[in-house]
Amino acid sequence: MNINQLKDAFDMAGQKVQDLEDKRAQIVIDLGKDEASHSVDEVAKLNASLKSAKMNQELAKSAYEDARANLNAEPINKKPLPVKQDGKTDIKAIKDQFVSDFKNLVSSGTTGAGNAGLTIPEDIQLQIRNLTRSFVSLESLVNVENVSTSHGSRVYEKLNDITPLKDLDDETAIIGNNDDPELTVIKYLIHRYAGITTVTNTLLKDTVDNIIQWLVNWVARKDVITRNAKILEVMGKAPKKPTITKFDDIKDLENNTLDPAIEASSSFITNQSGYNILSKLKDAEGRYLMQPDVTNPDKYMIDGKPVVRIADKWLPDVSGSHPLYFGDLKQGITLFDRQQMQIDTTNTGAGSFESDSTKLRFIDRFDVELIDDGAFAAASFKTVADQTVGTAGAGK
């Protein structure tokens, strides 16, 4: 099992815990209104499931952290990691050393040859990754591959039609060539994405935990915004479909756009404004197009396909039209993650000297590439008409 599979397992375990915690919160609210709304047995089963899910999350976290620790990545800083007497890595010492180096870096006000910035430790990077899940990050919708080099390539098989073998009715006939699978090479080149913020010099007087928490919160926001922007840029390369104006146009997008093999793992993705319109759409018999998931009533589906709702600020309208994607983004898009976040600071340049402040620059390293433009399609809509009477049998 590679590190990307462990990352997916860790994310799924975390989502399972979150779903159960949300369900528990709803039960508590229900019981506050009506003590008979849920049985003691139901509550006990939920608590047991939540306890088990948290244990699985810790196991997945441990496996993922171990795999990341063993990842053969090029370190920017060449300092050896502090270790305890038993030979294990001293996480507390790493944090303390990082904050000490961070303060020294800020105080020096230079980033010259002798002070080339700081790479965020693995433990703090993990905190950042965990926090990004509290935002609506598009990264969870695409495939993420951790890489240890600045560039590389991957070979993928294109989704194309397979024709039958040729019928040779003559025993002496020459056997011709098959239509061999068509392969495509996708190259990635890790880019640097950077942002600058201004911090007050009083930050240096804070404790280790305060500095780390401030840093984690700040970097997480920057990270989500940056990666969302690049993912949206690649999503915009999807094949465009005619504008949706009526109920059956959504059926056409679902039933007649992608290869059925991809359709099985596909979902709908829209923004909050578009979701609001789709939630009110009705078929010819007056039933809502979107129906609750029987296994999770808080989530909705269209014909058994999940509907993912993204906030308007993360997935904005385009020229007044709401976006609607259908497909499997994990098959269509890959984010190549270099996993080397770096901090540089100055208290003399970029106007910081005049304002008695410190400028802090964060650099993230990743690349986002379109892998298969046949794995998803893009449509748009402003308003959608309900299905008309007499056409209910036209869809699925």
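The values are calculated or read from the model by the stated rules, or taken from the named source; none is laboratory data. These figures come from a predicted structure and were not determined experimentally. Cβ: placed from backbone, ideal geometry, glycine included. Neighbour counts: every protein chain shown.
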Worksheet item: Among (1) closer than 21 Å to Ser137 by Cβ; (2) loosely packed, with under 11 Cβ neighbours inside 10 Å; (3) basic (Lys, Arg), where does Lys16 come up short?
Response: (2)
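Applying the selection to the stretch 295-312, what residues are over 17 Å from the mean Cα position of the chain (by Cα) and basic (Lys, Arg)?
Of the residues in the stretch 295-312, the ones over 17 Å from the mean Cα position of the chain (by Cα) are 295-305.
Across the stretch 295-312, the qualifying residues are Lys299, Lys305.
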Fill in: Segments classed as strands (runs of 3 or more DSSP E), wholly inside the stretch 333-384, with at least 1 members that are modelled with pLDDT of 80 or more and within 17 Å of the chain's Cα centre (by Cα)
333-337, 357-370
Worksheet item: Right, Val155: under 29 Å from the mean Cα position of the chain (by Cα), surrounded by fewer than 12 Cβ atoms within 10 Å (Cβ to Cβ) and either in a strand (DSSP E or B) or at pLDDT 65 or above (or both) or not?
Response: yes
Discussion item. When you scan the stretch 285-308, do you find a residue that is touching a Ser or Thr at 6+ places or on another chain (Cβ under 9 Å), farther than 28 Å from Pro239 by Cβ and either at pLDDT 85 or above or loosely packed, with under 15 Cβ neighbours inside 10 Å (or both), even just one?
Written reply: yes
Worksheet item: Across the stretch 254-271, which residue is surrounded by the fewest Cβ atoms within 10 Å (Cβ to Cβ) among those that are assigned to a helix (DSSP H, G or I) and under 24 Å from the mean Cα position of the chain (by Cα)?
Response: Ala261
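Just to be sure I understand, how many residues within the stretch 222-243 are modelled with pLDDT under 80 and surrounded by fewer than 16 Cβ atoms within 10 Å (Cβ to Cβ)?
Our first condition is that a residue be modelled with pLDDT under 80; within the stretch 222-243, this holds for 222, 239-242.
If we keep only those that are surrounded by fewer than 16 Cβ atoms within 10 Å (Cβ to Cβ) too, we end up with 239-240, 242.
Number satisfying all stated conditions: 3.
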Worksheet, complete the sentence: When Val294 is run through (1) aliphatic (A, V, I, L, M); (2) free of Cβ contacts under 8 Å to residues at least 12 places away in the same chain; (3) within 17 Å of Ala379 (Cβ to Cβ), the failure sits at (3)
